[in-house]
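The structure under discussion appears below in the form of structure tokens.
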Amino acid sequence: MRKIDRRTFTKMAGAAGVASAFALSAGARVALGKSPRVVVIGGGFGGATAAKYLRRFDAGIDVTLIEPESAFVTCPFSNTVIGGLNSMARITHSYDGLRAHGVNVVHDRATGIDAGKRSVSLANGGDVGYDRLIVSPGISFRWDAIEGYGAATSQTIPHAWQAGPQTVMLRQQLEAMPDGGVFIISPPVNPFRCPPGPGERISLVANYFKKHKPRAKILVLDPKEKFSKQGLFKEGWASLYGGMIEYRNASNDGTVTRVDAANMTLHTDFGENKGDVINFIPPQKAGEIAQTAGLANDSGWCPVNQQTFESSIHPNIHVIGDASIASPMPKSGFSASNQAKAVAAAVANLVKGEAPGTPKFVNTCYSLVAPDYGISVAMVYDFADGKIVKVKGSGGLSPSGASAEFHKSEARFARGWYDAISQDIWG
């Protein structure tokens, strides 16, 4: 794929993201006698964006966001905390900005959805009624997928794939690891949240080791044949980290069959691999409320009408972000936010009886191989024949063999992207 011109991509991202590629009708902007009620579950990249942009598209809509945490910790850029480049404060965001936009933020946990009565039940009692519901629950884990690994085990062998206490735990374990020790990371099978995330984590841990524990080794046990941006990551590893990283894929005994937490060992078909620190990232599925409410199918993910992201199982409920089946869009923070803007615009029309419009989407993903070495992938998506499709000739990857200055620029773009999207959502 060819690399898209940045100015062109920015314009396309603006058109598809900020304006959501929907033409809101005049009727959708006129408040009726009774304010339409839209409830949003989940205050992450998808849910917070949807709540804020519903109010921006139509201030006459009564928007309630249900989110148990008082602040949101982002998975994007959490690898910089694990790698010692940033503090947790850098990736933690309050909901004050949403309140300033008129969003009613309820810090409680949604425990059930009654699709017939159109209501959401809350852990602390009571329920909240809605005309339309947007569910952005993120991921949960398939705890029974690998022998020996479950929720309890993750308190010793962290996954750190939901940012927060697990991020801090993995960082502290790496700090305590002896120089000359072994760090083992095992990414999950597809599909999972943030496909390039393990590659970035490997990179930034290697960067930390290079500076502070130069005799340490990293062993990657990957149950897949290849991973996102593989060529670019491996090019960076060879350039920056020498022989520190050993990567094994599915064909090279990279599939973990059993976790032995007591002995800090990952078992494969042909061997045992003992680590001083182990980061095991289990297989994933849609978040808990999606499972409880019956929004997920046998795949563990939520089927949707890809025009409006309305559930294919329950009407008047829209599922966005990681939990939804939105292929070929990846499960990323940028995808979730972009989907949320499109769905917010669609819902703003639908609650007034207007047509939802036709969406366009974009995704971009930056990864840091080192603090001053960035790589990226981008894609533009259309909606045709009832599904999301890639736009031919759009997007692309950072070029192989790029200069050091190019990678420095990509690293700057990565930090700029994070600051911009964080401000856009929670600011």
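Couple of notes before you dig in:
- Span from the the range 350-427 Cα centroid across to the the range 253-273 one, whole angstrom: 36
- By other beta-carbon atoms within 10 Å, ranking SER78, SER311 with the fewest at the front produces SER311, SER78.
- Annotation: amide H-H contacts under 5 Å for ARG109 (H modelled 1.01 Å from N, sequence separation of 5 or more, or interchain): ALA123, ASN124.
- Rg over Rh for the range 308-427 works out to 1.04, using Cα positions for both radii and the Kirkwood form for Rh.
- Screening the chain for whole DSSP H helices with an alpha carbon extent of at least 20 angstrom along the helix axis and a mean Kyte-Doolittle hydropathy of at least -1.0 yields 197-212, 333-350, 404-426.
- Zone residues, the range 206-242, relative to ASP253, backbone N less than 16 Å from point 7 Å out along Cα-to-Cβ: 219-223
- Across the range 31-167, C-alpha contacts under 8 Å between residues 6 or more apart give a mean separation that, scaled by the residue count, equals a relative contact order of 28 percent.
- Per-pair calculated FRET efficiency, R0 = 22 Å: ASP108 and MET88 via Cβ, rounded to 0.05: 0.40
- Residues in the range 339-364 reached by a label modelled at ASN190 [backbone nitrogen below 19 Å; 7 Å Cα→Cβ]: 363-364
- The range 158-280, relative contact order [Cα under 8 Å, separation at least 6], %: 31
- Amide H partners (placed H, <5 Å) of VAL135, local residues excluded: ILE41, HIS318, VAL319, ILE320
- In terms of its C-alpha gyration tensor, the range 158-280 has a rounded overall shape, because the principal axis ratio a/c (a ≥ b ≥ c, square roots of the eigenvalues) stays below 1.5.
- Taking other C-beta atoms within 10 angstrom as a stand-in for reagent exposure, LYS229, LYS211 fall in the order LYS211, LYS229, fewest first.
- A DSSP coil position with no more than 16 other Cβ atoms inside 10 Å describes the following GluC sites (Glu not before Pro) in the range 182-271: GLU225.
- The relative contact order of the chain comes to 22 percent, based on Cα pairs under 8 Å that sit 6 or more residues apart.
- Which label in (1) 54, 27, 20; (2) 37, 24, 19; (3) 41, 24, 19 gives the computed semi-axes √(5λ) of the Cα gyration tensor in Å: (2)
- Whole-angstrom gap from the range 212-229 to the range 31-77, using each part's C-alpha centre: 38
- Footprinting exposure proxy for ILE325, ILE113, ILE278 (fewest neighbouring C-beta atoms within 10 Å first): ILE325, ILE113, ILE278
Where a number appears in this text, it was derived from the coordinates with a stated rule and is not lab data. Here the structure is a predicted model, which means the values were calculated and not measured. In this analysis, Cβ positions are derived from the backbone assuming ideal geometry, glycine residues included, and neighbour counts consider all displayed protein chains.
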